[in-house]
1. Regarding residue A:19, is this residue part of a helix (DSSP H, G or I) and more than 7 Å from every other protein chain (Cβ to nearest Cβ)?
2. Checking the condition in contact (Cβ under 8 Å) with a residue 40 or more places away in the chain, assigned by TED's automatic domain parsing to the domain that holds residue A:15, over 20 Å from the mean Cα position of the chain (by Cα) and within 20 Å of residue B:23 (Cβ to Cβ), which residue from A:87, A:115, A:70 passes?
3. Only residues that are in a loop (DSSP other than H, G, I, E, B), surrounded by fewer than 22 Cβ atoms within 10 Å (Cβ to Cβ) and within 7 Å of another protein chain (Cβ to nearest Cβ): list them for segment B:55-80, please.
4. So, residue B:83, is that one touching a helix residue (DSSP H, G or I) at 6+ places or on another chain (Cβ under 9 Å), at the interface with chain A (Cβ under 7 Å from one of its Cβ atoms) and within 28 Å of residue A:85 (Cα to Cα) or not?
5. Name the residue, out of B:143, B:124, that is in contact (Cβ under 8 Å) with a residue 12 or more places away in the chain, buried (at least 21 other Cβ atoms within 10 Å of the Cβ) and either over 30 Å from residue B:236 (Cα atoms) or under 22 Å from the mean Cα position of the chain (by Cα) (or both).
6. From the residues in segment B:157-174 that are in a helix (DSSP H, G or I) and touching a strand residue (DSSP E or B) at 6+ places or on another chain (Cβ under 8 Å), which one is surrounded by the most Cβ atoms within 10 Å (Cβ to Cβ)?
7. Determine which single condition residue B:92 fails, assuming it passes every other condition in (1) surrounded by fewer than 22 Cβ atoms within 10 Å (Cβ to Cβ); (2) under 23 Å from residue B:69 (Cβ atoms); (3) in contact with a helix residue (DSSP H, G or I) (Cβ under 7 Å, 6 or more places away or on another chain); (4) at the interface with chain A (Cβ under 10 Å from one of its Cβ atoms).
8. Within segment A:95-119, count every residue that is touching a helix residue (DSSP H, G or I) at 6+ places or on another chain (Cβ under 6 Å) and part of a helix (DSSP H, G or I).
């Protein structure tokens, strides 16, 4: 076994999920994640946790959802799915849930009707909530399918994934803590870059130091971003990192904001998809997240949001729903059925200001050598 | 997909497990059983059941058990495992459990110490009991590993497996019902064959018509045997079907019984293993089962007890524990930590008598054409 798989498992169990002896752990194993599952089981055994492995197969889901959708009684809201009581019981009794992504085909469920998908998602909402109430962490095993999505050989993709995951998280958490402090204390953010001059308010909002650990309210491995929930957005912004959204390629999105709302938009590719997203609901026209990628182990775009949005020297903004973790007790943030991240490279001709002070220029933070205020 | 996989799934869900709309089903998926899992999920979707798939990986188990065993506090009884509360909750809320066997290496857990294995089995006993309280069925998907164990190509092995599984179960159940009636009414059984003349009492015992369906108290697919719990065994018996027991090849076992106990034994191979089994406890020297194989879809020995013991024209006897289903209310049968089946071919120079009447001769039952009393 690649020694990095073992290190990945240790990072996941110890740094990310903080598993302790006696914890009841569920490990969700995607079709291609067998080797990581073996390594994770070994580490969980060493820590004295218990383990249940579930088979998180996209092909199994597709077969089930399509068959149920076709054969069950349907209302206007789609097929009438039931909440699985046994699955709910499993997650209600779990302390930790580790999701090992890494399928064999990123389009395996592409022919499940959207209506069926949504109806199933509604019925399993209590299961998802029970899962989110645990110390959950999602990660991925580098499969051929994900390498293909990234446009890379599987060997090169493995190097990429482990560079992103096997970081010195403790020191990255410390560095990101500095940015969190600045954002927590700040009121106004300004982002200036090519075709971009955006002003956002963050007053009173709480930044999350997303250091790939439940100890930091961070549930993805890799992570490496600091994010908060902005409001009152004004100005324009361009996103030069291409991505796939709902199966469509989206490139060079440009948004114009007035009074916090998108009032004009364009895209070199995927403009229709972008329009559909903006028309979902009122909240879809407002920002739910400002995130600053700080994981320099991620040095290229791989068309996988788990990695792309954490890439060092990038900033992302999400249309739609804000995270509760960014909101002070009692305050409600932007609400929407969608949360769509858009990413821009800030490594050149860019600056990020907080309350008039430059905190990042051309990818360098103000505490780094080479920073020019 | 091989159409037979779909038929296998339908037989499992409909005939064997009798799944109904709203049932909460757990599907346990062995490493090599993905294709069957997809087909089963499709059928469960059509029937309107809910489904949770667990990953039943021998390699994951091995990694966990070895690591836990080495790192945990150990007593004289081996490592101190805990009962997984979340797994228990899952099975306590399940209506049906379908186990899809078919691994990738039948020796995948060969280097887990026996002590660790036994300690883990004790801790998970409540989980197993919860599973056995459901409408559970075990089956196998024909993997390369199982083909190898059978000494066959995977193509030929698939044909073999589907011949065994895709039967007209309704009519086989009816035929087996005739044998059950004879055994239920009978008192004395005599088995005569080469080097074999054995007399057993079955008075008051209840025969199980094992027709591969929970409706018949039968939990294996394939099945196709009628079995009961004998006692007061006298005489000698030879078993000419070779098998692997606890990793050892065992061939041409010969047993001599007096007053219900084995008083002498020999084997052309595996005699030491046989001796160890007989010395396990007092019950290991007595018979717990007399079974008559009636599945003529199984026409060869494949070193897999799930198939071998159901083979048409064979009789098997088990040393050790009797099944409760064969015992009248309040009566206790032979008790032992072991239950080891031994099989003999009765297709030639053999007869089975019940109360002095021949009911099977040279593999023909008395209701079949060609039967000679």
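1. No: the conditions fail for residue A:19.
2. It is A:87.
3. B:72, the sole residue that qualifies.
4. Here the answer is no, as residue B:83 does not meet what is asked.
5. Exactly one of B:143, B:124 is in contact (Cβ under 8 Å) with a residue 12 or more places away in the chain, buried (at least 21 other Cβ atoms within 10 Å of the Cβ) and either over 30 Å from residue B:236 (Cα atoms) or under 22 Å from the mean Cα position of the chain (by Cα) (or both), namely B:143.
6. B:161
7. Every listed condition holds for residue B:92 apart from (2).
8. 1
The values are calculated or read from the model by the stated rules, or taken from the named source; none is laboratory data. Quick caveat: nothing in here was measured; it's all calculated off a predicted structure. All Cβ positions, glycine included, derive from the backbone under ideal geometry; neighbour counts span all protein chains shown.
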